[in-house]
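A.B. asks: Sending over a structure as structure tokens; questions will come in a sec.
Where a number appears in this text, it was derived from the coordinates with a stated rule and is not lab data. What you are looking at is a predicted structure, and each value in this text was computed from that prediction instead of being measured. Here the Cβ positions follow ideal geometry from the backbone for every residue, glycine too, while neighbour counts run over all protein chains shown.
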Amino acid sequence: MKYISSRNKENLVSWSEAMVEGIAQDGGLFVPQEFPQIKNLADMVNMDYKEIAHEIIGAYFPSIEEADLGSIIDRAYDDKFSRKDIAPLEEVGDVHILELFHGPTLAFKDMALSILPHLLKKAMEIEGIEEELVILTATSGDTGKAALEGFADMDRIKIIVFYPRDGVSEIQKRQMISQEGKNTFVIGIEGNFDDAQGGVKDIFRDRDLGGEMQGAGYRLSSANSINIGRLVPQIVYYFHAYLSLLREKKLESGQKINIVVPTGNFGNILAAYYGKKMGLPVNKLICASNENNVLYDFINTGLYDRRRELKLTSSPSMDILVSSNLERLLYHISGQDHEYVRKKMEDLNTKGYYKVEELEMDDFYAGYSTEKEVEKSIGEVFDHEYYLMDPHTAVAYNVYRKYRDETGDKTLTVIASTASPYKFGRAVAAGLGLDTGDLDEFQILSHLEGRTRLAIPKAIGELGQKPILHKTICTKGEMKSKLMKILQVGDKDD
């Protein structure tokens with residue numbers, strides 16, 4: 001199994017090289033040379049989550065010895081998850097909701113970021129890397145805390161997270177700025193997620209900086225979904241969901257399902273697409289956007305245009321206008337035409353848009369939800385089904401209702417639920433019609449708990465008492481100097 005840059009398919013590397021590098025030197029993203037095939041799902045029907053992970057991850061990273069991979073998976077999916085089944089599937093009305101938020105940070109990013117540090121350590125061992133690894137990550141809310149949690153206090157690794165200071169929920173922010181760990185650094189950006197993500201990509205592309213850092217004993221990598229080591233573990237839970245339905249006799253072997261994913265950076269739904277390419281029986285991949293509906297426009301018109309104002313919504317993890325993982329999809333659906341992909345990415349960078357024509361996107365349906373629709377969906381689902389959704393899940397639920405009304409498709413449908421509703425208390429309370437007035441976030445959570453009779457998760461309830469440890473704020477232009485100051489490399493003056 002080799003990996004190729006989406007912008008130069010002559011650039012072949014091993015999985016361990018791809019994982020350590022994070023992003024290709026030409027700026028492209030690493031993609032698998034081919035998709036491994038799962039030939040008989042029926043043989044996997046009685047596997048638990050760890051066993052499914054062994055099959056899927058082992059197929060993408062085949063040089064890891066069986067015992068080592070088993071140990072890595074055991075350490076990743078242990079009692080840090082509050083459910084033994086890791087990602088339970090709940091039947092809610094006529095849909096099945098795949099709960100991906102039972103990890104330590106209460107968001108779906110835990111599903112991959114609990115295992116990425118162990119995979120990365122193995123990759124460093126295989127590649128004989130002696131430098132200290134610096135994980136550089138931009139976050140729209142949940143990746144940051146999950147990455148910090150996963151890498152905290154790991155030897156020979158530092159992690160630096162950049163987040164939009166006014167573009168995440170109060171709970172998400174508090175989770176990050178209270179993070180403990182001698183190797184953890186958190187910096188707020190005066191801007192939005194695209195500024196943070198763009199700044200990180202600029203640092204990766206700065207070869208002079210890379211050389212200077214290597215000379216000082218450091219090497220850059222990433223925990224964002226631009227890293228193939230983040231993407232592959234996300235495939236696992238879609239197989240897990242399908243096999244759970246088979247085991248519960250809600251599906252017959254080979255019967256197709258729809259998968260609905262709330263997405264901004266396109267990584268989570270791309271993992272479902274990879275699952276389909278591996279043989280997972282999928283009818284339609286339903287891409288759900290919030291009011292930052294750049295993906296909706298692209299899938300329906302072929303025009304990807306980031307030249308618009310970013311809206312701050314109640315689903316901040318999707319407040320994104322540059323969806324990095326879409327580059328991987330372009331590579332696959334263009335017939336692995338790396339020159340085509342490179343040209344489109346150049347157009348996006350220089351012109352702010354690109355247009356694709358005659359590319360096959362029938363695997364996807366795209367819709368978006370307004371803020372009013374999100375609020376209404378939260379309230380209606382709780383009132384009718386006694387099920388509490390966070391705003392991101394509500395985006396997906398509302399888009400699915402539109403899809404079903406439009407198409408009449410009654411295919412069994414799985415909705416990816418990406419975060420605990422208690423991470424977005426103010427928005428959820430509004431959906432339930434609660435008057436929050438001037439209450440702070442933690443007071444709101446208490447009111448929400450009283451209304452729903454659903455306990456506040458301990459990890460969130462304790463946040464209010466944790467000290468704030470990370471107070472640094474900077475502009476996009478200052479990100480490089482902040483990095484160098486932390487690492488004590490070169491000219492460290494701000």
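A.B. asks: Using helices alone, what [θ] at 222 nm do you get for the chain, with -39,500 (n - 2.57) per DSSP H run of 4 or more residues, divided over all residues and rounded to the nearest 500?
C.D. replies: Theoretical 222 nm ellipticity from helices: -13000 deg cm²/dmol.
A.B. asks: Still on this structure: Can you tell me how much longer the chain between D409 and K351 gets when fully stretched, taken as 0.36 nm per residue apart minus their C-alpha distance, in nm with one decimal?
C.D. replies: 17.0 nm
A.B. asks: Number of Lys-Lys pairs in region 219-348 under 16 Å by Cα, sequence gap 8 or more or different chains?
C.D. replies: 4
A.B. asks: Just to confirm the filter: which trypsin sites (Lys or Arg not before Pro) across region 450-494 are DSSP coil and have at most 16 other Cβ within 10 angstrom of their Cβ?
C.D. replies: Listed in order of number, the matching sites are R453, K471, K492.
A.B. asks: Next question. So how much slack lies between E180 and Q214, counting 0.36 nm per residue of separation and subtracting their Cα-Cα distance, in nm?
C.D. replies: 9.6 nm
A.B. asks: Cα gyration tensor of region 91-177, axes a ≥ b ≥ c as square roots of the eigenvalues: rounded (a/c below 1.5), prolate (a/b > b/c) or oblate?
C.D. replies: oblate
A.B. asks: Only bridges with both residues in region 249-362 count here: give the DSSP antiparallel percent, nearest 5.
C.D. replies: Close to 40 percent.
A.B. asks: Continuing with this model, one more query. Please sort by residue number the trypsin sites (Lys or Arg not before Pro) in region 223-270 whose DSSP state is loop and whose Cβ has at most 15 other Cβ atoms within 10 Å.
C.D. replies: K249, K250, K256
A.B. asks: Using 7 Å Cα-to-Cβ label points, what is the Y340/Q443 separation (nm, one decimal)?
C.D. replies: Inter-label distance under the simple model: 5.7 nm.
A.B. asks: Next question, about the same structure. Run the quick spin-label model on D48 and E248: label points 7 Å from Cα toward the beta carbon, then report their separation in nm to one decimal.
C.D. replies: The answer from the label model is 1.9 nm.
A.B. asks: By how many nm would the segment from T472 to K84 grow when fully extended, if each residue of separation counts as 0.36 nm and the alpha-carbon distance is taken off?
C.D. replies: Stretched fully, the T472-K84 segment lengthens by 135.9 nm.
A.B. asks: Can I ask one more? Tell me the GluC sites (Glu not before Pro) within region 240-319 that lie in a loop according to DSSP and have at most 16 other beta-carbon atoms within 10 Å.
C.D. replies: Those that pass, being in a loop and sparsely packed, are E248, E252, E309.
A.B. asks: List the DSSP H helices in the chain whose Cα atoms stretch 20 Å or more along the helix axis and whose mean Kyte-Doolittle hydropathy is at least 0.5.
C.D. replies: Length and hydropathy pass: 228-247.
A.B. asks: I want the antiparallel fraction of DSSP beta bridges within the chain, as a percent rounded to 5.
C.D. replies: DSSP beta bridges in the chain are roughly 30 percent antiparallel.
A.B. asks: Find out how many positive minus negative residues lie around D409, taking Lys and Arg as positive, Asp and Glu as negative, among other residues whose Cβ is under 15 Å from that of D409.
C.D. replies: Once positives and negatives cancel, what remains is +1.
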